[in-house]
Protein chains: 2
Amino acid sequence: MCLDPAVTDPGLYTVIFENDRLRVLEYRDRPGDRTSPHRHPDSVMYTLTAFRRRITADGRQVEVDLPAGQVRWLDAQQHSGENIGDTETHSIFIELKEPRPAGSPAPTGALGPGGG
Amino acid sequence: MCLDPAVTDPGLYTVIFENDRLRVLEYRDRPGDRTSPHRHPDSVMYTLTAFRRRITADGRQVEVDLPAGQVRWLDAQQHSGENIGDTETHSIFIELKEPRPAGSPAPTGALGPGGG
């Protein structure tokens, strides 16, 4: 099963740049929209609008409420999301293609974007 | 001599996120502003406003005219820049900390951001 969000939700995720080191995704949705389960590699997200989302994985849920102009790190993870706010979501994800280097801090296991 | 743009031009470049894999810089300037010579590692830039800039390095110059919402790759390079337009520049840079992997395409030597 392909868990690439550009494949699972092509109406929401768009690949706007790609080279051998990284890929940049643009994400846009509207209130009530949900994503299919998908997988992010280690990524950094930049919020272009404020939004409120519920992220779900393996029975765990977190709510994420962010203003525009925020950067958040996302440890590699599989999840699905839902826009539970009343505004459109617009954000970009920079996905790292290289494996996590030896000696790098272990993933925190945090669901959704980490603290800012 | 330190060529970190967050050190050479702290009024223009701000570190908004950093971990062991990458650093995110926010850049803001006004028409007529110039940066000191500084060095970027391999980076990807996302434009939050339209802007027009002149990039200078080693006697070479290029002019860059970009709309908002564009992604551009920047091969590691040293340069300085000048806002030669009539709008404020606002952009973010995601700097990769890991060395270019073996077998990766060689840098193009392009000055300034590459083609989109």
Quickly run through region A:1-52 and pick out the residues that are within 14 Å of chain B (Cβ to nearest Cβ) and among the hydroxyl-bearing types (Ser, Thr, Tyr).
A:Thr14, A:Tyr27, A:Ser43, A:Tyr46, A:Thr47, A:Thr49
Could you list, in sequence order, the residues of region A:82-116 that are free of Cβ contacts under 8 Å to residues at least 60 places away in the same chain and touching a His at 6+ places or on another chain (Cβ under 9 Å)?
A:Leu111, A:Gly112
Out of all the residues in region B:23-35, is one or more crowded, with 19+ Cβ neighbours inside 10 Å and either touching a Lys or Arg at 6+ places or on another chain (Cβ under 7 Å) or among the basic types (Lys, Arg) (or both)?
yes
Out of all the residues in region A:97-104, is one or more in contact with a strand residue (DSSP E or B) (Cβ under 9 Å, 6 or more places away or on another chain) and closer than 30 Å to B:Gly114 by Cβ?
yes
How many residues does region A:53-69 hold that are within 11 Å of chain B (Cβ to nearest Cβ) and at negative phi?
1
Has region B:64-80 got at least one residue that is of a type in the set (Phe, Trp, Tyr), more than 23 Å from B:Arg21 (Cα to Cα) and surrounded by 13 or more Cβ atoms within 10 Å (Cβ to Cβ)?
no
Does B:Gly11 meet the test of being over 18 Å from A:Phe17 (Cβ atoms), out of contact with any Ser or Thr (no Cβ under 8 Å at 6 or more places or on another chain) and surrounded by fewer than 16 Cβ atoms within 10 Å (Cβ to Cβ)?
yes
Residues satisfying the stated conditions in region B:16-58, i.e. under 29 Å from A:Lys97 (Cα atoms) and among the small types (Gly, Ala, Ser):
B:Ser43, B:Ala50
Scan region B:8-23 for residues that are outside any strand (DSSP E or B) and touching a residue at least 24 places away in the same chain (Cβ under 8 Å) and jot them down.
B:Thr8, B:Asp9, B:Asp20, B:Arg21
Pick from region B:81-102, criterion over 20 Å from A:Asn19 (Cβ atoms) and part of a loop (DSSP other than H, G, I, E, B), ranking: farthest from the other protein chains (Cβ to nearest Cβ):
B:Ile84
Restricting attention to region A:91-114, which residues are buried (at least 21 other Cβ atoms within 10 Å of the Cβ), more than 29 Å from B:Ala102 (Cβ to Cβ) and either modelled with pLDDT under 95 or among the aliphatic types (A, V, I, L, M) (or both)?
A:Gly112, A:Pro113
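The values are calculated or read from the model by the stated rules, or taken from the named source; none is laboratory data. Model, not experiment: these values are computed from the prediction. Methodologically, a virtual Cβ is constructed for each residue, glycine included, from the backbone with ideal geometry; neighbour enumeration extends over all protein chains shown.
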